[in-house]
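Peer 1: This is the structure I have questions about; it appears just below.
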Amino acid sequence: MPSDTEELRRRIYSDVLTASDGGTRPVSRDYLLGYEVDGQRLPLVDPQGRGIRNREDWPTTLSIVTSEKGRYLDTEIAPGVWTYPLAIDKHGRRDPSNGKLVRAHEDGVPVLYFYKPIPKQYLLIGQVYVTAIDLGAMTATVELAERAEAGSAVEVEIERMWIDRLVRTRLHQPRFRMIVMDAYASRCAICALPEASLLDAAHIRSDTDPNGQPVVENGLALCSIHHRAYDAKSIGIDAGYRLHVSPRLLAMEDGPVLVHAIQGIDGKRLAVVPERKKRPDPHRLELTFKDFLNAQ
Ligand SMILES: [Zn+2]
């Protein structure tokens, strides 16, 4: 069995970084369970689906996972710092599995941290240190290893911006894309194009707007053409999910793409509407629809 060494943990981190394209794409549960070191299997997440992966022969926790259960925004307390709920047993008592996380805290050993926005798909956030354990609140505070190693005072601000960006690239952006693509079954909401590589997770209200939260009801899966056209106010979507094409584009005469992809959708309803609790928020649609009308 591979033993727990700093070098091995570094190697695992580097392998998962490579597999996830620098942390920008999810890795599958199959990849994590089938992970091998020198021909020996070393599952990186718990095979029973628990949020903590301990190995009997390792003194400290190998990895922890946060699953999306509507707690996405409140678990991040600062860029690169999260609250992780400790495991409790069915009686609400502290589960023995936490012991190795406490040990990781005491020994300063980094733990792999994953975020699971949808079933079986994991985003690698990075290696984290457990910086505090609160047994009253049953939480651990974890901090990205890169952040914990911040340098001098001058570098702190640069470090903060860098961490902010790292978290955005590894967690916020891919997570938003995953939940939106999942809700729309990887089809364009306007034309139903089913090709993930040509689809974006578009915001209804941009992320600089007060209503611009990265939640599924502020998202639309759109193909590149419809995304550009929606952002440019060439297409509007009203609160009743009806599509409106700008008069300027309706008056244009050109080839089949204009006719089918743009003019042909005027007056139709969204081609793909997700299940009820994941549908686009009518209030946000209305705000952006007003912007569309004002731009004509
Ligand atoms: Zn489309």
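Peer 1: From the list 212, 267, 219, 240, which one is in contact (Cβ under 8 Å) with a residue 40 or more places away in the chain, within 18 Å of residue 290 (Cα to Cα) and away from the ligand (no atom under 15 Å from the Cβ)?
Peer 2: Numbers: 212 fails: in contact (Cβ under 8 Å) with a residue 40 or more places away in the chain; 267 fails: in contact (Cβ under 8 Å) with a residue 40 or more places away in the chain; 219 fails: away from the ligand (no atom under 15 Å from the Cβ).
240 is the lone residue from the list that is in contact (Cβ under 8 Å) with a residue 40 or more places away in the chain, within 18 Å of residue 290 (Cα to Cα) and away from the ligand (no atom under 15 Å from the Cβ).
Peer 1: List the number of the failed condition for residue 129; all other conditions in (1) within 22 Å of residue 293 (Cα to Cα); (2) in contact with an Asp or Glu (Cβ under 7 Å, 6 or more places away or on another chain); (3) without any contact (Cβ under 8 Å) to a residue 40 or more places away in the chain hold.
Peer 2: Unmet for residue 129, out of (1) within 22 Å of residue 293 (Cα to Cα); (2) in contact with an Asp or Glu (Cβ under 7 Å, 6 or more places away or on another chain); (3) without any contact (Cβ under 8 Å) to a residue 40 or more places away in the chain: (1).
Peer 1: Given the residues 127, 48, which is the only one that is within 29 Å of residue 179 (Cα to Cα) and touching a helix residue (DSSP H, G or I) at 6+ places or on another chain (Cβ under 6 Å)?
Peer 2: Testing whether each residue is within 29 Å of residue 179 (Cα to Cα) and touching a helix residue (DSSP H, G or I) at 6+ places or on another chain (Cβ under 6 Å) leaves just 127.
Peer 1: Taking residue 231 as the residue in question, decide whether it is more than 12 Å from the ligand (Cβ to nearest atom) and over 25 Å from residue 69 (Cα atoms).
Peer 2: yes
Peer 1: Sticking with this structure for a sec: Residue 277 passes all but one of (1) within 15 Å of the ligand (Cβ to nearest atom); (2) of a type outside the set (Gly, Ala, Ser); (3) surrounded by fewer than 18 Cβ atoms within 10 Å (Cβ to Cβ); which number fails?
Peer 2: Just one mismatch for residue 277, condition (1).
Peer 1: Residues to consider are 285, 249; find the one that is surrounded by 15 or more Cβ atoms within 10 Å (Cβ to Cβ), closer than 17 Å to residue 180 by Cα, assigned by TED's automatic domain parsing to the domain that holds residue 187 and hydrophobic (A, V, I, L, M, F, W, C).
Peer 2: That would be 285, the only listed residue that is surrounded by 15 or more Cβ atoms within 10 Å (Cβ to Cβ), closer than 17 Å to residue 180 by Cα, assigned by TED's automatic domain parsing to the domain that holds residue 187 and hydrophobic (A, V, I, L, M, F, W, C).
Peer 1: Of everything in the range 205-242, what is touching an Asp or Glu at 6+ places or on another chain (Cβ under 7 Å) and crowded, with 21+ Cβ neighbours inside 10 Å? Give them in sequence order.
Peer 2: Selection gives 218, 222, 227.
Peer 1: Within the range 203-252, restricting attention to residues that are of a type in the set (Asp, Glu) and not in a loop (DSSP other than H, G, I, E, B), which residue is farthest from residue 270 (Cα to Cα)?
Peer 2: In this case the residue turns out to be 231.
Peer 1: Would you pick out the residues in the range 177-201 that are out of contact with any Pro (no Cβ under 6 Å at 6 or more places or on another chain), more than 9 Å from the ligand (Cβ to nearest atom) and not in a loop (DSSP other than H, G, I, E, B)?
Peer 2: The answer is 177, 180, 181, 182, 196, 197, 200, 201.
Peer 1: Name the single residue, out of those in the range 57-79 being at pLDDT 90 or above and in a loop (DSSP other than H, G, I, E, B), that is surrounded by the fewest Cβ atoms within 10 Å (Cβ to Cβ).
Peer 2: Looking at residues that are at pLDDT 90 or above and in a loop (DSSP other than H, G, I, E, B), I get 57.
Peer 1: Kindly indicate which of 204, 225 is on the phi < 0 side of the Ramachandran plot, within 15 Å of the ligand (Cβ to nearest atom) and in the same structural domain as residue 267 (by TED's automatic domain parsing).
Peer 2: On the way: 204 fails: within 15 Å of the ligand (Cβ to nearest atom).
Result of the check over 204, 225: 225.
The values are calculated or read from the model by the stated rules, or taken from the named source; none is laboratory data. This is a predicted model, so every value here is computed, not measured. Here Cβ is always computed from backbone atoms with ideal geometry, including for glycine, and neighbour counts include all displayed protein chains.
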